[in-house]
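Taken together, the values in this text are just the output of simple stated rules run on the coordinates, not laboratory data. Computed from a predicted structure; not experimentally measured. Backbone-built Cβ (ideal geometry, glycine too); neighbour counts: all protein chains shown.
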Amino acid sequence: MNRKLLFLWMILILLMFKNSFAQNTHALKFGSLNVFRVIVECTEGKQANEDYQKKFEAKRDELGRKQKAIQDLQQQLQTQSNSLNDETRVALSKSIETKTTDLKRSQEDAEKEFSSLRNEIFNRVGAKLVPVVQQYAKEYNFTVILDTSNQASQVVYTDPAIEITDDIIKRFDASQISSKPPVLVAPKTAADPPLPKDSAAPAKKTN
């Protein structure tokens, strides 16, 4: 008898838990947002990425010229080794060593510089993005918005119906336009009225 009563209580508790869970789940509203896409595809992000690419290409060309100079010296040392005297050969080897060290240092500095620049872009745009997402979530009553571009979140699948990335990009761009200060245009001054024909030039004196 006690076992039967205990079994009935267990069933009752499970039913209550199921109903409570269903009600709470129904009240929740989830959204998925690809933050990386927003930063890359918004207007400010596109401009920042364009500037980044120009700087990156300029640095790549600079490092390429240094690499070419080293290769030319190495080729010279290899092809003219037999005809060069010891002093010239040592000087050429020293120059190759110095330029190689300089190239390696430049490559390391460039890696740090562009890593820092990339982080600065993401942090700057990301900081502006936060209040836009928060306002959007309040307006549409989202309980949770997941960042699907963050590997730490380990999101395996989201229903496309809860995807809000495109909406956030549009809203972010609009917020940046509205936040820009208006351009002040100096008022045009009225042109001086033309002089009457009679007073346009002094009358000539007659002797």
### Task
Please turn the phi angles of the stretch 113-123 into ³J(HN,Hα) values with the Karplus equation 6.51 cos²θ - 1.76 cosθ + 1.60 (θ = phi - 60°), one per residue in order, whole Hz, x for glycine and proline.
4, 7, 5, 5, 5, 5, 5, 5, 5, 5, 5
### Query
Using 19 Å as the cut-off for backbone N distance, which residues of the stretch 38-81 belong to the label zone defined by a point 7 Å from the Cα of T100 along Cα→Cβ?
63-81
### 27 Å Cα-Cα threshold exceeded, pairs from K46/K68; K68/K112; K55/K99; K54/K99; K54/K128; K29/K170
K46/K68
